[in-house]
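Below is one structure; the comments refer to it alone.
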Amino acid sequence: MTNEEYTPSENEEEILNVLKEGQGSSQPWGRANPLFLREQTGLNKQQVNYALRQLIAAGWVTKVTEGLYEFVDDPRNGNT
């Protein structure tokens, strides 16, 4: 269940931006591992892991398997 009242931090916004990159294209999008997220955002390991935990708790991201995360929903302005 997505927490529609949740407000992502700046670091969480960066993670969401990477996960949503390519949305609307014919290419796969919405999945990433922590290393890729660190490379794309410049955040360190601790920052990425914390942001992912918060986004999972809010229901905006899910952990598919060890080391793979997937965008679920961004309830703001219908940005699914």
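The values are calculated or read from the model by the stated rules, or taken from the named source; none is laboratory data. Given the structure is predicted, the values throughout are model-derived calculations rather than measurements. Glycine gets a Cβ as well: all are built from the backbone with ideal geometry, and neighbour counts include every protein chain shown. Surface accessibility is based on the protein's heavy atoms, side chains included, excluding ligands, DNA and RNA. Shrake-Rupley method; radii C 1.70, N 1.55, O 1.52, S 1.80 Å.
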>> Looking for something at pLDDT 95 or above and within 14 Å of TYR69 (Cα to Cα) - is there at least one such residue anywhere in the stretch 5-12?
In response: yes
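For the condition surrounded by 13 or more Cβ atoms within 10 Å (Cβ to Cβ), without any contact (Cβ under 8 Å) to a residue 40 or more places away in the chain and over 21 Å from THR65 (Cβ atoms), what is the one hit in LEU43, LEU37? Give the steps one after another, and end with the answer.
Working: LEU37 fails: over 21 Å from THR65 (Cβ atoms).
Selected residue: LEU43, the only one of LEU43, LEU37 that is surrounded by 13 or more Cβ atoms within 10 Å (Cβ to Cβ), without any contact (Cβ under 8 Å) to a residue 40 or more places away in the chain and over 21 Å from THR65 (Cβ atoms).
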>> When you scan the stretch 47-68, do you find a residue that is open to solvent by less than 70 Å² (accessible area, probe 1.4 Å), touching a residue at least 12 places away in the same chain (Cβ under 8 Å) and among the hydroxyl-bearing types (Ser, Thr, Tyr), even just one?
In response: no
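When the residues of the stretch 11-40 are filtered to those that are among the acidic types (Asp, Glu) and within 12 Å of the chain's Cα centre (by Cα), which remaining residue is nearest to ARG76 (Cα to Cα)? Lay out the reasoning, then the answer.
Start the filter on the stretch 11-40 by keeping residues that are among the acidic types (Asp, Glu), which leaves 12-14, 21, 39.
Filter once more, so that each one left must be within 12 Å of the chain's Cα centre (by Cα): 12-14, 21.
Working: GLU12: 14, GLU13: 12, GLU14: 15, GLU21: 16 Å.
Checking each candidate, the answer is GLU13.
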>> Step by step: first the residues of the stretch 22-34, then only those that are at pLDDT 95 or above and part of a loop (DSSP other than H, G, I, E, B), then the one that is least open to solvent (accessible area, probe 1.4 Å). Which residue is that?
In response: GLY30
